[in-house]
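The values are calculated or read from the model by the stated rules, or taken from the named source; none is laboratory data. This one's a predicted model, so the numbers in the text were calculated from it and none came from an experiment. A quick note on method: Cβ atoms are made from the backbone with ideal geometry, for glycine too, and the neighbour counts reach across all protein chains shown. The area values use the complete protein model at the heavy-atom level, side chains included, leaving out ligands, DNA and RNA. Shrake-Rupley method; radii C 1.70, N 1.55, O 1.52, S 1.80 Å.
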Amino acid sequence: MAKKNIKKSWAEPFKIKVVEPIKVTTREHREKAAKVAGYNTFLLKSEDVYIDLLTDSGTNAMSDYQWAGMMLGDEAYAGSKNFYYLWNNVKKYYGMPYFVPTHQGRAAEHMISKILIKKGDYVPGNMYFTTTRLHQELAGATFVDVIIDEAHNPNDEHPFKGNIDLKKLDKLVKKVGADKIAYVSMAGPVNMAGGQPFSMDNLEKVYEYTKKHKIKLWFDATRACENAFFIKEREKGYKDKTIPQILKEMCKYFDGLWVSAKKDLMVNIGGFLATRNKKVYEEARNMVVVYEGLHTYGGLAGRDMEAMARGIEEMVEYENIRMRIKQVEYAGEQLAKYKIPMVKPFGGHAIFLDAKRILNHLSQDELPAQTLASEIFIDSGVRGMERGIVSAGRDPETGDHRRPKLELVRLTFPRRVYTQSHIDVMVESVASVYEDRKSIKGLKFVYEPKYLRFFQGRFEKLK
Ligand code: F0G
């Protein structure tokens, strides 16, 4: 029985069997490394990083069950048994009958955009994601953000900042006509908003609206289990439902979904597209042969598909997803003790530092989030990433910078990789950069690639 005045902590539902050494470097070393990398954390050598919070994508620790599965790879060119096992688990947990594997999420985004979009179409969505929007644009569509206003305000504590604003959606549909809407693109939780979930209630309303107007509804289910966990914790009527039940319930509203398996599924590589629409499936199954490989491997080895299939079984375990979310919450609570401005509520996969408020002496053109990410790296070797004006890129029509309201540094937690002590070290580093914030100067672009400029752009310190 739980005692009244004694807190009941969570703990990792695993013990550590294999370790990978990491290296503490000197400040001098990191200053040099940051300069060589053009002050872009994506261009750093991983060897120079101490605690890597760049992303939770493909950086997860697989379980012994997943690693054991890797030895059971059936590497036949066609019809591998791992493919059928994975397909079975996609049906079982996501409830989608048809499935095409891809090497990662953006390959699925590429295909679904090509299949569903005609030139001149519109794709409304709950805030953009970098690769998702680019594929929609390359296929000829215009992306329109229809997320609720609260999502653009880091201080708003709305529990479901990933919700779609039905009035915004309706306004667009009335303006361009339902036949010009290729599909509604709904992600959960919303990465760029700070890992914020949508509610089941909102999803149901969006579904009813799209059904009425004969508009397709597609799901970026990359971190769907995190969304399911937030629904269980925050939405009335879901406390006693299991994660698999909530995941299934979410998926039943969608025509189809795509997944970057490098997140929820805790593998190093993989993705897929799944749908209940046979025609879309047939097109995707044919298209995957052109871009990825035969439809029974889609750019993956048999062993990768086995690890994905097993990852699905683990991602829905309550203790596993709870540890994930609570670890992010722990990081947020520790940072809050130093009064660091952050996006609230804390997200599913990451803590988002509010660089606009932290470096409020810099204008958006002086790239506050890019600057903050590089300063944190120089301070301690902790690597995060920019999620602000650099990530937002340029408007393809006007060529101007897109100026998002959110100017953030994302500190992202790989699943099952770091301990609370690593988090404490990160927190102390952010706090010390925060203390010295007034002396920090901004950055300017010296090289800007055409697509997804945040990955490969290079910067120089302003004088
Ligand atoms: N959708 C979402 C919501 C994502 O977060 C990502 C990747 C993708 C799609 C694309 O998947 O990388 O497998 O091709 N996000 C990573 C991140 C890169 O760091 O947030 P991918």
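The table below gives the values:
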read-out: Output for the range 263-282, where each listed residue is acidic (Asp, Glu) and either more than 13 Å from the ligand (Cβ to nearest atom) or in the same structural domain as residue 350 (by TED's automatic domain parsing) (or both); value: 282
read-out: Test for residue 369: is it of a type in the set (A, V, I, L, M), within 19 Å of the chain's Cα centre (by Cα), modelled with pLDDT of 95 or more and more than 18 Å from residue 422 (Cα to Cα); value: yes
read-out: Matching residues in the range 31-78 - criterion: being polar (S, T, N, Q), within 15 Å of the ligand (Cβ to nearest atom) and assigned to a loop (DSSP other than H, G, I, E, B); value: 40, 55, 57, 59, 60
read-out: Some residue of the range 104-114 being surrounded by 13 or more Cβ atoms within 10 Å (Cβ to Cβ), within 16 Å of the ligand (Cβ to nearest atom) and not in a helix (DSSP H, G or I); value: yes
read-out: Among the candidates 322, 303, residue that is in contact with a helix residue (DSSP H, G or I) (Cβ under 6 Å, 6 or more places away or on another chain) and either open to solvent by 40 Å² or more (accessible area, probe 1.4 Å) or acidic (Asp, Glu) (or both); value: 303
read-out: Whichever residue in the range 219-261 is in a loop (DSSP other than H, G, I, E, B) and among the β-branched types (Val, Ile, Thr) and, among such residues, is nearest to residue 163 (Cα to Cα); value: 222
read-out: Residue in the range 377-388 that is in contact with a Leu (Cβ under 9 Å, 6 or more places away or on another chain) and surrounded by fewer than 21 Cβ atoms within 10 Å (Cβ to Cβ) present; value: no
read-out: Any hit, the range 18-28, residues being open to solvent by 80 Å² or more (accessible area, probe 1.4 Å), of a type in the set (Asp, Glu) and out of contact with any Phe, Trp or Tyr (no Cβ under 7 Å at 6 or more places or on another chain); value: yes
read-out: All positions within the range 128-185 that are under 20 Å from the mean Cα position of the chain (by Cα), hydrophobic (A, V, I, L, M, F, W, C) and away from the ligand (no atom under 15 Å from the Cβ); value: 144, 146, 148, 160, 164, 184
read-out: Residues that are within 16 Å of the ligand (Cβ to nearest atom) and in contact with a Gly (Cβ under 9 Å, 6 or more places away or on another chain), drawn from the range 387-413; value: 387, 390, 404, 406, 408, 409, 410, 411, 412
read-out: Residue within the range 95-103 that is surrounded by fewer than 19 Cβ atoms within 10 Å (Cβ to Cβ) and closer than 30 Å to residue 342 by Cβ present; value: no
read-out: Qualifying positions in the range 192-218 - within 16 Å of the ligand (Cβ to nearest atom), open to solvent by 10 Å² or more (accessible area, probe 1.4 Å) and either in contact with a helix residue (DSSP H, G or I) (Cβ under 7 Å, 6 or more places away or on another chain) or in a helix (DSSP H, G or I) (or both); value: none
read-out: The one condition in (1) in contact with an Asp or Glu (Cβ under 6 Å, 6 or more places away or on another chain); (2) within 16 Å of the ligand (Cβ to nearest atom); (3) farther than 25 Å from residue 264 by Cβ that residue 189 fails to fulfil; value: (3)
read-out: Tabulated pairs, the range 364-382, first on the phi > 0 side of the Ramachandran plot, second of a type in the set (Ser, Thr, Tyr) and open to solvent by less than 10 Å² (accessible area, probe 1.4 Å), C-beta under 9 angstrom, 6+ apart or interchain; value: 381/429
read-out: Residue in the range 238-255 that is within 15 Å of the ligand (Cβ to nearest atom), surrounded by 22 or more Cβ atoms within 10 Å (Cβ to Cβ), closer than 20 Å to residue 83 by Cβ and more than 16 Å from the chain's Cα centre (by Cα) present; value: no
read-out: Search result, residues across the range 262-279 that are over 21 Å from the mean Cα position of the chain (by Cα) and assigned to a loop (DSSP other than H, G, I, E, B); value: 276, 277
read-out: Residue in the range 293-300 that is open to solvent by 30 Å² or more (accessible area, probe 1.4 Å), touching a Pro at 6+ places or on another chain (Cβ under 8 Å) and within 16 Å of the ligand (Cβ to nearest atom) present; value: yes
read-out: Yes/no for residue 334 being in contact with a helix residue (DSSP H, G or I) (Cβ under 7 Å, 6 or more places away or on another chain), open to solvent by 10 Å² or more (accessible area, probe 1.4 Å), modelled with pLDDT of 95 or more and closer than 17 Å to residue 406 by Cα; value: no
read-out: Some residue of the range 399-406 being crowded, with 24+ Cβ neighbours inside 10 Å and under 20 Å from residue 344 (Cβ atoms); value: no
read-out: Condition met for residue 422 (more than 16 Å from the ligand (Cβ to nearest atom), touching a residue at least 40 places away in the same chain (Cβ under 8 Å) and surrounded by fewer than 24 Cβ atoms within 10 Å (Cβ to Cβ)); value: yes
